[in-house]
Amino acid sequence: MNAPLRVLVVDDERLFAELMRVALGSAQDMQVVDVVHDVAGAVAATARLRPDVVLSDYHLPDGTGADVARSVRRAAPDASVLVLTGDPSSTVLADVARSGAVGHLTKSRGLDEVVAAVRVAATGEILFSPSELQRLLVAEPNDVALDEPLTARELEVLRLLANGSSTSAASTLLGISTATLRAHVQAILRKLGAHSRLEAVAEAARLGLITLDMRARDRSPARGSALAEG
């Protein structure tokens with residue numbers, strides 16, 4: 001049997017944090033390794049416990065969920081960070097997207113949706129709703145050029161990532177293996193200096209590599225987006 005997903009919960013609302021502990025702990029394939037209440041606690045617990053997924057509130061007493069993501073990627077780069085918030089403003093969405101987190105969910109989501117999202121987050125897939133991604137894609141482009149341009153195939157992969165396509169869906173659409181797709185994703189992350197697929201999409205939008213027209217042409221199945229939209 002596969003080992004259960006190790007999840008760290010970060011939230012300063014004690015009641016909500018305990019609710020997440022119970023909901024996630026009741027899933028047979030998950031283990032809540034700890035519940036902490038601030039960025040400092042998240043950093044220390046991540047270094048000590050090496051969770052697979054960190055589920056973090058955005059607004060914390062000593063920082064944000066994006067700060068958690070930036071710290072976690074240094075302390076445990078294999079861990080995925082999923083940010084929860086009741087305030088999905090444009091500023092919050094942009095901060096989360098560029099932090100290295102795999103995605104964002106509002107606290108209004110049902111417990112079963114959060115549990116399902118944690119499973120998806122563990123795979124590194126993007127968890128951002130289509131409307132949220134669209135808000136990233138209308139950001140003012142930056143005219144700074146990449147040191148190493150993306151290839152035509154990498155741009156195809158990037159457009160599918162921007163649509164929220166899963167690894168399996170994108171590989172099927174492109175007619176390549178999932179291993180090859182993942183190799184393209186790793187090349188994209190390296191060239192864009194990104195630490196997650198979501199951060200790569202955000203950086204590509206900033207650089208003007210992705211446009212709304214591209215998204216309109218590539219209406220692919222979106223595992224993460226469909227989950228986020230409910």
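What number of residues within the range 177-194 satisfy the criterion of being within 15 Å of F128 (Cβ to Cβ) and open to solvent by 50 Å² or more (accessible area, probe 1.4 Å)?
The qualifying residues number 0.
Is it fair to say L55 is open to solvent by 20 Å² or more (accessible area, probe 1.4 Å), within 18 Å of the chain's Cα centre (by Cα) and at negative phi?
Answer is no for this residue.
Only one of L158, L189 is part of a helix (DSSP H, G or I), modelled with pLDDT of 90 or more, aliphatic (A, V, I, L, M) and more than 20 Å from A79 (Cβ to Cβ). Can you tell me which?
On inspection, the qualifying residue turns out to be L158.
Of all the residues that make up the range 192-213, how many are of a type in the set (S, T, Y) and either closer than 13 Å to G124 by Cα or in a helix (DSSP H, G or I) (or both)?
The qualifying residues number 1.
Here are V114, V118: which of them is of a type in the set (A, V, I, L, M, F, W, C) and either surrounded by fewer than 24 Cβ atoms within 10 Å (Cβ to Cβ) or more than 16 Å from the chain's Cα centre (by Cα) (or both)?
V114
Restricting to the range 9-24, name every residue that is touching a residue at least 60 places away in the same chain (Cβ under 8 Å) and open to solvent by less than 50 Å² (accessible area, probe 1.4 Å).
Residues satisfying the conditions are D11, F16, M20, A23, L24.
For the range 67-91, give me the residue count where each residue is modelled with pLDDT of 90 or more and in contact with a strand residue (DSSP E or B) (Cβ under 7 Å, 6 or more places away or on another chain).
9
Restricted to the range 42-52, and to residues that are open to solvent by 20 Å² or more (accessible area, probe 1.4 Å) and either of a type outside the set (A, V, I, L, M, F, W, C) or in a loop (DSSP other than H, G, I, E, B) (or both), which residue is farthest from R73 (Cα to Cα)?
R48
State all residues of the range 82-118 that are touching a Ser or Thr at 6+ places or on another chain (Cβ under 8 Å) and polar (S, T, N, Q); if no residue qualifies, say none.
Passing the criteria: T85, T106.
Does any residue of the range 78-97 turn out to be under 27 Å from G193 (Cα atoms), loosely packed, with under 15 Cβ neighbours inside 10 Å and under 13 Å from the mean Cα position of the chain (by Cα)?
Yes, some residue in the range 78-97 is under 27 Å from G193 (Cα atoms), loosely packed, with under 15 Cβ neighbours inside 10 Å and under 13 Å from the mean Cα position of the chain (by Cα).
Specify which of the listed residues (A169, A200) is modelled with pLDDT of 80 or more and closer than 24 Å to A145 by Cβ.
Among A169, A200, only A200 is modelled with pLDDT of 80 or more and closer than 24 Å to A145 by Cβ.
The values are calculated or read from the model by the stated rules, or taken from the named source; none is laboratory data. None of the values given here were measured: they were computed from a predicted structure. In this analysis, Cβ positions are derived from the backbone assuming ideal geometry, glycine residues included, and neighbour counts consider all displayed protein chains. Areas reflect the complete protein model, heavy atoms only, side chains present, ligands, DNA and RNA absent. Shrake-Rupley method; radii C 1.70, N 1.55, O 1.52, S 1.80 Å.
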